[in-house]
Number of protein chains: 4
Amino acid sequence: MRSFALLGAGFIGNVHAPNLFDHPRVDFTLVADTDSQRARDVAERYGARAATIDEIFAADIDAILIASSSDTHAHYVERAAAAGKAIFCEKPVDLETSRATQAIEAVQRAGVPMMIGFNRRFDASHAALAGAYRRGELGRAEIVQMTCRSQAMPPLDYLKVSGGQMHDQAIHFFDLLCWLTDDVPVEIHVLGDALSDPQVAKIGDIDTLIVSLRMASGTLAQLDCTRRTGYGYDERIEIFGAEGMAESRRQPYRHLTIAKGNQCVSDGFHESWFERIKPTFYAGLDAFVQALHGETDDYPDETAALRAQRIADAALHALKRGAPVTLEWP
Amino acid sequence: MRSFALLGAGFIGNVHAPNLFDHPRVDFTLVADTDSQRARDVAERYGARAATIDEIFAADIDAILIASSSDTHAHYVERAAAAGKAIFCEKPVDLETSRATQAIEAVQRAGVPMMIGFNRRFDASHAALAGAYRRGELGRAEIVQMTCRSQAMPPLDYLKVSGGQMHDQAIHFFDLLCWLTDDVPVEIHVLGDALSDPQVAKIGDIDTLIVSLRMASGTLAQLDCTRRTGYGYDERIEIFGAEGMAESRRQPYRHLTIAKGNQCVSDGFHESWFERIKPTFYAGLDAFVQALHGETDDYPDETAALRAQRIADAALHALKRGAPVTLEWP
Amino acid sequence: MRSFALLGAGFIGNVHAPNLFDHPRVDFTLVADTDSQRARDVAERYGARAATIDEIFAADIDAILIASSSDTHAHYVERAAAAGKAIFCEKPVDLETSRATQAIEAVQRAGVPMMIGFNRRFDASHAALAGAYRRGELGRAEIVQMTCRSQAMPPLDYLKVSGGQMHDQAIHFFDLLCWLTDDVPVEIHVLGDALSDPQVAKIGDIDTLIVSLRMASGTLAQLDCTRRTGYGYDERIEIFGAEGMAESRRQPYRHLTIAKGNQCVSDGFHESWFERIKPTFYAGLDAFVQALHGETDDYPDETAALRAQRIADAALHALKRGAPVTLEWP
Amino acid sequence: MRSFALLGAGFIGNVHAPNLFDHPRVDFTLVADTDSQRARDVAERYGARAATIDEIFAADIDAILIASSSDTHAHYVERAAAAGKAIFCEKPVDLETSRATQAIEAVQRAGVPMMIGFNRRFDASHAALAGAYRRGELGRAEIVQMTCRSQAMPPLDYLKVSGGQMHDQAIHFFDLLCWLTDDVPVEIHVLGDALSDPQVAKIGDIDTLIVSLRMASGTLAQLDCTRRTGYGYDERIEIFGAEGMAESRRQPYRHLTIAKGNQCVSDGFHESWFERIKPTFYAGLDAFVQALHGETDDYPDETAALRAQRIADAALHALKRGAPVTLEWP
């Protein structure tokens, strides 16, 4: 058993709360939020105790799950590290890489375990893809193809504070790419534009992008992202290797097919990213609990957080330059 | 809000308990079991109170969910009816149709709503199939095909008290068939055998069967059932109509495909019936709660329970006779 | 090389002619038809010589492909047998089993090889299914499921001379069933009706049927047939065995999918049975040529022709009796 | 009817010959080859007359199909143009763009119709994709994804004269991209390497490449190519548009699926590119014949040939530069 406090009882905090309640090796002890009523509601429903934020850092608990607003993450990460707590932090640590680095250095100095919410890794099909690749079933990766297409353009107000499409959306796939291939990109090229909505360009962002990457081992990789499909959430990953190809496929939300005329009409994709990746929140928490018990080290730690952020930074630089950018890794 | 008591805290009671806890319009009040420790464990976990069985029937609650052992169902149904409670009863009401009829008549006299646990109706894909048929997208049903194949032979000890393959397994599809087509069978023919395991024949049961039915409207229907596949749980339903065909397809448990050599190897089906139909328990409870609020009458009520049981009786008779049996409906 | 004469230059003769021309081990020598102009047209196009029917039986050739009208088959089979020619005969040998038996006995007395046009056996996917079963990949067959649904009701004038749905359509699947499982049915039950078109009942035929069969080994089998789908030609076969299940799937006619709204719209099935099974005509001819060279004996010979016809007779008897019929085999 | 001469009776000539024979509006008159025996063999089989190459250009025929060795194409194109014949030329016109341009200018001066063998356009599924896009079903294209993966590394001797992966393989998809979207690329970036076989690097070529393109309209496009998969021929195209997404899917070579253990094993892809695209040769010829009758202008003409070649040149330049290259179009 590990005792957890939840910091943040908004949308994403309410996603984590039932998982903290359900997990057989988690003791869901405390919950805090700047809005104390929200904290009390979560506490009552899931048998935890509402607390102040200060109480959480002082409490005798094992881990803190940081699900507060993004601009507070780095600060809370540092406080949790100082308090010697294990940290599960929603992404990003901070939109500024320098600030994120600072916080992560604090974590590393404190020697506490930290996991970042790159929970797409815990999608069952993506994880099976990783397993197949690691077992050598595909041989050395030669080409990786990733598609990440959100269903609907988020509100402009969200986009303005999101960190931009690269750091908000594409970054998940930079992490997946490194994790799946156990490799890092050394060269990156990006084409991007505001094709879905010209308003996006006015706030200095893009909504459609394609990325080409050369990995240190020579593997070539492609990613395409868009902010809105109109047909649901569309995500797929494919690894083409020297000895085979594996695909974590698009997923239908239901399994009905109707044959009429000369067509077969089947159910489409999940309504949005949330329906698609919902099970990954529990699976991610479970991995973190396993890590706290020393049973796994396959989870996105603070190094992975920083790695993905550096790639996103380079990708954004490449986009703006209109030319490839090289990356060097220590 | 409707207040519920749970009667039975064994395997299936523990499937229902978190759903009673999670449902926003359910107040999970009491839980009882002949093993009081099991009741206390469920009570503690889900914020209910452990009670005796007598207390449950006396309590000021709206509904009782009967999840006790099958041989107690009819008795508890009658007590719940006498107490004027709404009833959600796991199937069967009783393995003996005469006894089940008696209990159901008590329910009807009492005028309380009752739902039987034919929850495959609440599978999202099956429900979408029903919706397509009812909207007229397929025209009049001409052929229905149903496949129900369990993954692994249950233990003989279970089979002995299961009521037999027809009443334990096939009965779900007799209900589905009537519900999907809004029709009843008037003629039924069965071939069956113990093909998977000769031990099954020794206890007077079968493990493999195929059924042909003619419905009152003229629709023809087929069902095949087996107790063990060795490749996971395999369920599909197809309605062929005058204007189109719809299929609630087999479902993979994950979405990985690997291409090697000249083959594509994909993830197979769910490990067992439970993984496949798990979401139907919540959906079934939700339908019952809607029914209690007068929002739907599309749920398997006591009449459906009796109807399916009469079909299973006739099917068993046809199997033993080696000839078709006709059914008459009031 | 084997020299062939083609007897019949109508629709089906024109299907065979280019295959006779293309096959590298066939010398397409002669073609005859009661309409001599049709024979000349085929002859000119494919480098053969137009002949009279009598000339064909007298000619120094190896094999005769009988593609004339059905009511002439038995007579021509007997003449070909008398002339010592190998015989490829479109089905049926004769709609009357007694007459077919007579012709087949003549073939057997003459000792000439004969193949009947049950060419669905040569569908690549069905053949792969047979291969998998024979290699033991599925274990002993426990359930076989077959679906055969034609796209559009044939004209009544055709239906009147077709021999009826059982002998015209279902018979192909009686042959497939025996061939796939290397087994014969010992009990058969049928439900059938004119559900697609009431006119069909007026000519004493049916257009929709479901069949249940028990095979000598104990395997249970199901078949459903209809004369019209409205959505193209729909054929599938599934063998469920003790160690696995294999399916020769429905086949799309093209491979386009469009995702819009919450649906995926894919191309449906082949427009008609002909588009679906067209490649089997060449493959069937090729098997016959191999047989003539002593390279295979896996083809539908005269015994298979008679076997399928006896099953269709029994099935029709079962349909009319409204009760199962047993079959005995020598 | 249009009369055709075939120039070249090698592998690809023998692919075209039966189509020339089969097409109802083609009169297959003459065939020539530097190896006169090969010409005689084709002539005899398909009812044409063997001729010398000079005779072909002098003959009273409508069209010449140039299927000779690549280095002779430009010369024969010019001779055919000078003779006023319609031209169907296998790609490339010439590996040198300047030489190809010269030949094409001769064609344009002569005013004769010319089609280049970019026959993947005539794949039924790709053509249906084009149709859906042109009918506006997808809205404006925002992202195009193309995958072209050959099954097995060709012999080095072939690679040396192939023109390189970009001009031999990728070029087909540059044509498809422009045709599908009715657009041209204005910016192109390439990463490529010899990942499959280091020998390929020694002859100055690559075997694996990924391409990013920005089209004039703003559409972004990706292509990945490899010379060997080990699992058959793998080709797919996807257009993501403002109102929907359409995919011309990977194609299985057969339709068998086996469920065993927890896996479904299905038939993989076509053995090689030839099995996959074989039907496009007839369909391409048919389009050309339609064009000769003024019934269509949707075929890859000499302008398309030059356009694809210019893109391939730019892509190769981008690969060598390690930076994006811009293209300008008149």
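Is it fair to say D:GLU44 is charged (D, E, K, R) and either without any contact (Cβ under 8 Å) to a residue 12 or more places away in the chain or open to solvent by less than 10 Å² (accessible area, probe 1.4 Å) (or both)?
yes
Condition first: out of contact with any strand residue (DSSP E or B) (no Cβ under 7 Å at 6 or more places or on another chain) and among the small types (Gly, Ala, Ser). Now tell me which residues in segment A:179-214 satisfy that.
Answer for segment A:179-214, where residues must be out of contact with any strand residue (DSSP E or B) (no Cβ under 7 Å at 6 or more places or on another chain) and among the small types (Gly, Ala, Ser): A:ALA194, A:ALA201, A:GLY204.
Just to be sure, is C:TYR253 touching a Gly at 6+ places or on another chain (Cβ under 8 Å), under 30 Å from A:VAL265 (Cβ atoms) and hydroxyl-bearing (Ser, Thr, Tyr)?
yes
Just checking, does segment C:311-330 include any residue being surrounded by fewer than 19 Cβ atoms within 10 Å (Cβ to Cβ) and within 14 Å of chain D (Cβ to nearest Cβ)?
no
Run A:ASP157 past the list (1) farther than 30 Å from A:HIS293 by Cα; (2) within 12 Å of another protein chain (Cβ to nearest Cβ) and report the number of the one that doesn't hold.
For A:ASP157, the exception is condition (2).
Determine, yes or no, whether A:PHE240 is more than 21 Å from the chain's Cα centre (by Cα) and aromatic (Phe, Trp, Tyr).
Yes; evaluated as a whole, the condition is true for this residue.
Residues that are more than 14 Å from chain B (Cβ to nearest Cβ): list the strands (runs of 3 or more DSSP E) wholly contained in segment A:190-280 that include at least 1 such residues.
A:208-215, A:220-226
Within segment B:6-24, which residues are in contact (Cβ under 8 Å) with a residue 24 or more places away in the chain and part of a helix (DSSP H, G or I)?
Selection gives B:ILE12, B:GLY13, B:ASN14, B:VAL15, B:HIS16, B:ALA17, B:PRO18, B:ASN19, B:LEU20, B:PHE21, B:ASP22.
Looking at (1) of a type in the set (S, T, N, Q); (2) facing chain C (nearest Cβ under 9 Å); (3) over 30 Å from D:LEU156 (Cβ atoms); (4) within 20 Å of the chain's Cα centre (by Cα), which is the one condition that is false for D:GLN290?
Against the list (1) of a type in the set (S, T, N, Q); (2) facing chain C (nearest Cβ under 9 Å); (3) over 30 Å from D:LEU156 (Cβ atoms); (4) within 20 Å of the chain's Cα centre (by Cα), D:GLN290 comes up short only on (2).
Go through segment A:179-189 and count every residue that is in a loop (DSSP other than H, G, I, E, B), without any contact (Cβ under 8 Å) to a residue 60 or more places away in the chain and either at the interface with another protein chain (Cβ under 10 Å from one of its Cβ atoms) or crowded, with 18+ Cβ neighbours inside 10 Å (or both).
Looking only at that region, the number is 1.
Among the residues of segment D:244-252, are any at pLDDT 95 or above, closer than 30 Å to B:GLN151 by Cα, open to solvent by 10 Å² or more (accessible area, probe 1.4 Å) and of a type outside the set (Lys, Arg)?
There is at least one residue in segment D:244-252 that is at pLDDT 95 or above, closer than 30 Å to B:GLN151 by Cα, open to solvent by 10 Å² or more (accessible area, probe 1.4 Å) and of a type outside the set (Lys, Arg).
For segment C:25-55, give me the residue count where each residue is in a loop (DSSP other than H, G, I, E, B), within 17 Å of D:ASP22 (Cβ to Cβ) and of a type outside the set (A, V, I, L, M, F, W, C).
Final tally of qualifying residues: 2.
Filtering segment C:4-39 down to residues that are open to solvent by 20 Å² or more (accessible area, probe 1.4 Å) and under 23 Å from D:ALA43 (Cβ atoms), which residue is nearest to the chain's Cα centre (by Cα)?
The qualifying residue nearest to the chain's Cα centre (by Cα) is C:ASN19.
Quick one: is B:TYR253 among the aromatic types (Phe, Trp, Tyr), closer than 29 Å to C:THR219 by Cα and without any contact (Cβ under 8 Å) to a residue 24 or more places away in the chain?
Yes; evaluated as a whole, the condition is true for this residue.
Kindly list the number of the only condition in (1) closer than 28 Å to D:TYR133 by Cβ; (2) open to solvent by less than 10 Å² (accessible area, probe 1.4 Å) that fails for C:ASP224.
If we test C:ASP224 against (1) closer than 28 Å to D:TYR133 by Cβ; (2) open to solvent by less than 10 Å² (accessible area, probe 1.4 Å), just (1) comes out false.
Considering segment B:282-310 alone, what residues qualify as being touching a Gly at 6+ places or on another chain (Cβ under 9 Å) and open to solvent by 10 Å² or more (accessible area, probe 1.4 Å)?
The one that is touching a Gly at 6+ places or on another chain (Cβ under 9 Å) and open to solvent by 10 Å² or more (accessible area, probe 1.4 Å): B:TYR299.
Residues of segment B:160-178 being over 18 Å from B:CYS225 (Cβ atoms) and crowded, with 21+ Cβ neighbours inside 10 Å, which ones?
Residues satisfying the conditions do not exist here.
Keeping to segment A:256-281, report how many residues are β-branched (Val, Ile, Thr), open to solvent by less than 30 Å² (accessible area, probe 1.4 Å) and free of Cβ contacts under 8 Å to residues at least 24 places away in the same chain.
Final tally of qualifying residues: 2.
Output yes when any residue across segment A:119-127 is touching a Gly at 6+ places or on another chain (Cβ under 9 Å) and more than 14 Å from chain B (Cβ to nearest Cβ), and no when none is.
yes
Return the residues of segment C:56-82 that are among the small types (Gly, Ala, Ser) and within 14 Å of C:HIS16 (Cα to Cα); say none if nothing qualifies.
Hits for segment C:56-82 are C:ALA63, C:ALA67, C:SER68.
Looking only at segment B:143-159, count how many residues are surrounded by fewer than 22 Cβ atoms within 10 Å (Cβ to Cβ), under 27 Å from B:LEU306 (Cβ atoms) and either free of Cβ contacts under 8 Å to residues at least 40 places away in the same chain or over 19 Å from the mean Cα position of the chain (by Cα) (or both).
Of the residues in that region, 1 qualify.
Scan segment D:193-212 for residues that are of a type outside the set (S, T, N, Q), closer than 13 Å to D:LEU319 by Cβ and open to solvent by less than 10 Å² (accessible area, probe 1.4 Å) and jot them down.
Across segment D:193-212, the qualifying residues are D:ASP207, D:LEU209, D:ILE210, D:VAL211.
The values are calculated or read from the model by the stated rules, or taken from the named source; none is laboratory data. Please read all numbers here as calculations on a predicted model, not as lab measurements. For neighbour counting, all protein chains shown are included, and Cβ atoms are generated from backbone atoms with ideal geometry for every residue, glycine included. Surface areas here come from the heavy atoms of the whole protein model, side chains and all, with no ligands, DNA or RNA. Shrake-Rupley method; radii C 1.70, N 1.55, O 1.52, S 1.80 Å.
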